[in-house]
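Report on one structure; see the data block that follows.
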Amino acid sequence: MTEFGDALAGAINASKNDITRFTWKDSNGKSTLMMDMTPEELQKAWDHCESMLYNKNKWNPGKYVIQNNIKNLYNNCNAELFLRYILYECDIPALKTNKDVLDLINVYRKEENLQDSDFIEKIFISAPPIYKDVTIKSLVRACLECLEPINKNIIPDKFILSVGIWLTDEEKEDLTEYDEKGNKRNFFDVIKERLFLKNVKLRVDVNGLTYNEFRSLMLLKNRTKMSNATTELLYLLRDKILLLLNNDLSYHINKWLDLKNKIQKVCDYKKIKLKSKK
């Protein structure tokens, strides 16, 4: 980096750490310098940050709670996919049903003192790396078809819409319709009509979802049993949607942590003691 670049980076960093510039924006969008806030206002702002991060209310969960829910859904999708991998892709004569897999696990439990928390690689040594974190417990639950159902609330429609759509050639052909005047209809108008979507804006994104992926997510019912979900949907959730969700969530978590850190610095400077409700 040049001398000028170093100086500029230093100035930007100094500005970011200047507590006289730290601001808080309330629910009405009004910005206030944190140094001008009363102890009560700073405590209220701190409490709001903690609520946004740690709230355990199921109707308004904090970011960390949502992140944990995403992790659980990812793990459950992976366990169900691993079971299907064993049964339908490995072509092992002795493993053709869920009961066969359960029987094998029970053999290893007795002979190798296998625990629920152990990973499946203790049985399936050559399993693909993507499945290395699947536990014996989750595989057993997959075999018994009692994995936790898919919580659609984790994947809000607003997020699905934000990912965007990129149609395949086959989908464009399927979605091609003409109006009464013989004019070709807009693909997105056709999609909204077919999926009964109103007052939503669809957007094009080369990295977005195919129409089939978009449709499967928009039509996904809450509490769908993992064993009833299509393999294509499970791959979509595990390999794309849940990763995007987690990245988006991590961004917001860092923003709230940054605000907490700034409030703490201001309170330290003003010798104000904050009370944590965590």
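No lab work stands behind these numbers, since they all come straight from the coordinates. Keep in mind that what you see is a predicted model, and the values were worked out from it rather than measured. Note: ideal-geometry Cβ built from the backbone for every residue, glycine included; neighbour counts use all protein chains shown.
Just a few scattered comments:
- Shown here for the range 94-180: trypsin sites (Lys or Arg not before Pro) in loop regions (DSSP other than H, G, I, E, B) with at most 13 other Cβ atoms within 10 Å, namely LYS96, LYS132.
- The alpha carbon radius of gyration of the range 175-238, expressed as a multiple of 2.2 N^0.38 Å, is 1.35.
- Proximal lysines to LYS132, defined as alpha-carbon separation beneath 18 angstrom and excluding residues fewer than eight positions away on the same chain: LYS71, LYS122
- Sparse-neighbourhood loop sites, GluC sites (Glu not before Pro) in the range 135-200 - DSSP loop, at most 16 other Cβ within 10 angstrom: GLU145, GLU177, GLU180
- Helix axis angle, 3-16 relative to the chain longest principal axis, alpha carbon, degrees: 90 degrees
- Size estimate for the chain follows the Kirkwood approach: the inverse of mean 1/r over distinct Cα pairs works out to 23.1 Å.
- At the listed q of 0.13, 0.18, 0.19 Å⁻¹, the Debye profile of the range 84-222, built from one uniform point per Cα, gives log10 I(q)/I(0) equal to -0.76, -0.99, -1.04.
- The chymotrypsin sites (Phe, Trp or Tyr not before Pro) found in the range 9-108 that occupy coil by DSSP, while having at most 12 further C-beta atoms within 10 Å, are TRP59.
- Cross-link table LYS44/LYS273; LYS63/LYS273; LYS158/LYS221; LYS56/LYS137, entries beyond 22 Å C-alpha to C-alpha: LYS63/LYS273; LYS56/LYS137
- Shape of the range 60-154 from the C-alpha gyration tensor: prolate (a/c of 1.5 or more and a/b above b/c, with a ≥ b ≥ c the square roots of its eigenvalues).
- Ranking VAL190, GLY208, PHE159 by Cα position along the charge dipole of the range 156-218, where only Lys, Arg, Asp and Glu carry charges on their C-beta atoms, puts PHE159 farthest toward the positive end.
- Computed [θ] at 222 nm, helices only, for the chain once each DSSP H run of length n ≥ 4 contributes -39500 (n - 2.57): -16500 deg cm²/dmol
- Positive-end extreme of charge dipole, the chain - chosen from ILE253, THR168, ASN222 (charges on Cβ): ILE253
- Contact order relative to length of the range 120-249, as percent, for alpha carbon pairs under 8 angstrom and 6 or more apart: 33 percent
- Contact order relative to length of the chain, as percent, for alpha carbon pairs under 8 angstrom and 6 or more apart: 24 percent
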